[in-house]
Structures are given as C-alpha cells and as structure tokens.
1. Could you compute the FRET efficiency for residue 39 and residue 179, with r as their C-beta to C-beta distance and R0 at 25 Å, rounded to 0.05?
2. What are the extents of the Cα atoms of the chain along their three principal axes, in Å, largest first?
3. Placing +1 at every Lys and Arg Cβ and -1 at every Asp and Glu Cβ, with all other atoms neutral, what dipole size does the chain have around its Cα centre, in debye to the nearest 20?
4. Give the cross-link partners of residue 70 among the lysines, using a straight C-alpha distance below 27 Å as the criterion and excluding same-chain residues fewer than 8 apart.
5. Name the most mobile residue of 34, 96, 141, meaning the one with the largest mean-square fluctuation, in a Gaussian network model of the chain with Cα contacts below 10 Å.
6. Can you give the helix-only mean residue ellipticity at 222 nm for the chain, where every DSSP H stretch with n ≥ 4 adds -39500 (n - 2.57) and the sum goes over all residues, rounded to the nearest 500 deg cm²/dmol?
7. Mean separation of Cα pairs under 8 Å and 6+ residues apart, divided by the residue count of the chain: what relative contact order is that in percent?
8. Quick one: divide the alpha-carbon radius of gyration of the stretch 129-245 by 2.2 N^0.38 Å and tell me what you get.
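FYI, it's all coordinate maths here, none of it is from the lab. Keep in mind it's a predicted model, so treat the numbers as computed, not measured. Here the Cβ positions follow ideal geometry from the backbone for every residue, glycine too, while neighbour counts run over all protein chains shown.
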Amino acid sequence: MKKQRTSYSMIWVIISFIIVYFIIKIVSPYAFKVLLAKDHTMPTPSTLILWYMILAVLGALIYVSTSDLKWANFLSFMLPACDDKTKRMLQKMIIVAFPLLVGWFVYSGTAPETTSPVELRIQHPTLSQEFEKLESPFAHVDEETKRRYIEEGKILFQRNCRPCHGSKADGNGPFANAFRLRPINFTDPGTIATVVENFVFWRIKEGGPGLPGASTPWDSAMPRWKDTLTDEQIWKIIMGVYTTAGVVPRQRERLEH
C-alpha cells in the first residue's frame, strides 16, 4: 500500500503570515524612506498593520478552500503524525506557541503601562533669538500672488506633512497612530492660532530635535525640515496650513512709544 505523503500547507500558511508581518513592520518603513528620499524611516501605523494581517488571513483561507483537496491537506496537518518525526515536532511547536502567543496578546493589552512622571513643561517654548525678527517674505505681496503662494503651500503641505498631520491639518494623518505623541491638530484654536508665523517657521525648520532643553519632555517626532525644504517653501507651507486649518496666525504686539 502506497504511503500517504504528509502535507505541510498549514506550516506554509503560518510562514507566509510571518513574512507579511516582517515586510510591513520592518522592511516597509525603510523602503518608503528610500522611495520618498527622507532622512528618517516611515513607520507603518499599528492599525494599518492589523488590517494587512486580517487581509493576509482572509487571503490564506480563500486559497486553501479553493478545492476539497487543498482544504483536506490544510486540515490534515493536525491529524496524528504516526512515524513522521518532522510533523510531530512541528505539531508540538504549534501547540506550545499558540497559547504563548495568545497569552502575550492578552498581557500586552491588559498590563499597566509605564508612564513618565508628571512634569511641568512649557506649551510654547520661548522663540529662539535668531527667529525673533523674521518676517514672511510674502507678507506684502499683492492678493493674486498671495493666493498663488497659498495654493503652492497647500500642495507642499499635502506632499510633506499630510502623512502625520492629515489632509485637513487635523492631526489625523495615516501615520498619526504610530507615534506616542500624536501630531498636532492645527484646526484647534489653541495651537497655531495662538502663535506668530515666525514661531511656526522655527518649529518646522528645526523640528523636535531643535526644541530647547527647558521644554522637555516632548517626545516629538517632528523632523528637521531645514535639510529638505527651502525657507521659501516653509513660508509657503505656513500660508497653506493656516488656510487649510481655517485659522489665522497671532499678530505681533506693537509697543506704543
């Protein structure tokens, strides 16, 4: 009687899940860093990872159920191994790994998180001296030119800032959930509407690494855009983001003599 060959389709499905997760979690951030010519990785949001893994599970189930033979081979791996030592070893690994994996997910979802002690911090740090007297080079252009620059700024914002701050400048970009400190919601009247334009220019140009020590802890993932954007592009983005958010910048106080 011909000996029936053991099918390892279930193992290949599990391996495919691991490969998909590895590509999304590890490879993808570096691939997008190269494709978008950034100086930092582009992390995949946890929600997006979950959806991709759900799609991978559904795809695998559809594949193994396309025929009775494939479905039988898929389920046959859980039958007694007889004298197949490799199958017995893999079965034991699955039996041990599955409850450990479930336990890890339950623990990570219910365990108390370690949080930093409450510390006072400055919401809006003092503007660096080199930026104090800056003024937008487009402050006094005619209305038609200003509208054109605003549209250019909107495009630059969507191209560079949308992944984190969202297309509506509301802090709900596709990468927003990947950060411990969520990107700022510019539509909130308590954010960029409370500061002057040169303050926004400073924060865009220097990013999180340019924050003064007195303003920590911030955990800001904002990159230094001075290595990517020109000063004129930053000023245009500022014009575009204020328009997109539907707010206006704070005006400088003029001292009376």
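1. 0.90
2. Cα extents, longest axis first: 106, 45, 28 Å.
3. Rounded to the nearest 20 debye, it is 1480 debye.
4. Candidates past the 8-residue exclusion: 2, 3, 85, 87, 92.
5. 96
6. Calculated from helices alone, the mean residue ellipticity at 222 nm is -15500 deg cm²/dmol.
7. 18 percent
8. Compactness ratio reported: 1.03.
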